[in-house]
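The values are calculated or read from the model by the stated rules, or taken from the named source; none is laboratory data. Quick caveat: nothing in here was measured; it's all calculated off a predicted structure. With ideal geometry, Cβ positions are generated from the backbone for all residues, glycine too; neighbour counts draw on all protein chains shown. These accessible areas exclude ligands, DNA and RNA; they are computed on the full protein's heavy atoms, side chains included. Shrake-Rupley method; radii C 1.70, N 1.55, O 1.52, S 1.80 Å.
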Amino acid sequence: ANDNVNGHAGLSMLRTRIDPTDSGSGSAWNSEAGPMTLAKSVNSGILIWSTEWSPPATYKNNNSVDGGGSNGSLNSTATFKGAASGAPNSADTGYASYLTRYIQYIQSQFGVSLYAVSPQNEPDWDPTYEAAIWNAGQFDVFTGAFHSALQAAGLSTKIMITESFGDR
């Protein structure tokens with residue numbers, strides 16, 4: 001939080017990770033609750049946003065939350081299944097629903113209204129840990145699907161795109 005007088009870090013924003021393995025109960029999302037609630041208790045005005053390192057495995061071509069280890073190759077099998085143009089497909093709408101449920105869970109369980117959500121951290125990096133490769137068209141289609149899901153849920157959370165996107 002932004003209180004650097006009483007031994008706090010002096011932050012005005014906090015980024016947290018979204019666990020991609022939640023099966024619907026929300027329990028996988030509890031790991032980031034501590035830092036969020038602590039930051040809010042020190043500074044009620046802190047902006048908290050969350051990012052996903054990988055969509056859930058079902059929304060990726062390799063059916064794993066991990067990347068393929070190709071270090072950003074466009075030939076990676078760890079790609080998001082979302083549509084690259086046109087109308088959203090089931091991966092777009094399913095993942096948008098997943099992120100919307102995450103936002104609702106964090107607010108209802110911990111009283112934290114997220115400022116923004118980023119659907120993908122480093123979409124052009126393919127390490128062996130949680131990751132997914134996205135192209136620009138997929139972001140274009142997904143952002144519309146996610147915005148619609150947020151509106152339908154009555155949420156004003158912003159969509160943050162993207163934290164890195166190299167030269168593609």
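Any residue in segment 48-61 that is farther than 15 Å from Asp22 by Cα and not in a strand (DSSP E or B)?
yes
Which condition number in (1) without any contact (Cβ under 8 Å) to a residue 60 or more places away in the chain; (2) closer than 17 Å to Asp124 by Cα is the one that Gly86 fails?
With (1) without any contact (Cβ under 8 Å) to a residue 60 or more places away in the chain; (2) closer than 17 Å to Asp124 by Cα applied to Gly86, the lone miss is (2).
Considering only segment 94-111, I want to know if a residue exists there that is part of a loop (DSSP other than H, G, I, E, B), in contact (Cβ under 8 Å) with a residue 40 or more places away in the chain and over 24 Å from Leu14 (Cβ atoms).
As a first pass, look at segment 94-111 and keep what is part of a loop (DSSP other than H, G, I, E, B): 111.
Imposing the further condition that a residue be in contact (Cβ under 8 Å) with a residue 40 or more places away in the chain reduces the set to 111.
Restricting the remaining residues to those that are over 24 Å from Leu14 (Cβ atoms) gives none.
So far as segment 94-111 goes, no, none of its residues is part of a loop (DSSP other than H, G, I, E, B), in contact (Cβ under 8 Å) with a residue 40 or more places away in the chain and over 24 Å from Leu14 (Cβ atoms).
Test each condition in (1) surrounded by 15 or more Cβ atoms within 10 Å (Cβ to Cβ); (2) touching a Leu at 6+ places or on another chain (Cβ under 7 Å); (3) farther than 25 Å from Trp134 by Cα; (4) of a type in the set (A, V, I, L, M, F, W, C) for Met13 and report the one that comes out false.
Of (1) surrounded by 15 or more Cβ atoms within 10 Å (Cβ to Cβ); (2) touching a Leu at 6+ places or on another chain (Cβ under 7 Å); (3) farther than 25 Å from Trp134 by Cα; (4) of a type in the set (A, V, I, L, M, F, W, C), only one is false for Met13: (1).
Looking at Ser12 and the list (1) over 24 Å from Gly137 (Cβ atoms); (2) touching a helix residue (DSSP H, G or I) at 6+ places or on another chain (Cβ under 9 Å), which single condition is not satisfied?
In the conditions (1) over 24 Å from Gly137 (Cβ atoms); (2) touching a helix residue (DSSP H, G or I) at 6+ places or on another chain (Cβ under 9 Å), Ser12 misses (2) alone.
Can you name the residue in segment 63-84 that is on the phi > 0 side of the Ramachandran plot and open to solvent by 40 Å² or more (accessible area, probe 1.4 Å) and, of all such residues, is modelled with the highest pLDDT?
Asn63
Quick one: in segment 131-163, which of the residues that are in contact with a Pro (Cβ under 7 Å, 6 or more places away or on another chain) and either modelled with pLDDT under 95 or in a loop (DSSP other than H, G, I, E, B) (or both) is surrounded by the most Cβ atoms within 10 Å (Cβ to Cβ)?
The extreme case among them is Ala132.
What residue, of Ala57, Ala84, is among the aliphatic types (A, V, I, L, M) and farther than 20 Å from Tyr129 by Cα?
Being among the aliphatic types (A, V, I, L, M) and farther than 20 Å from Tyr129 by Cα holds for just one of Ala57, Ala84, which is Ala84.
Condition first: open to solvent by less than 10 Å² (accessible area, probe 1.4 Å) and aliphatic (A, V, I, L, M). Now tell me which residues in segment 85-113 satisfy that.
Ala91, Ala96, Leu99, Ile103, Ile106, Val112
With the checklist (1) closer than 20 Å to Met160 by Cα; (2) of a type in the set (S, T, N, Q); (3) at pLDDT below 95; (4) under 18 Å from the mean Cα position of the chain (by Cα) in hand, flag the one item Ser27 doesn't pass.
Here Ser27 clears every test but (1).
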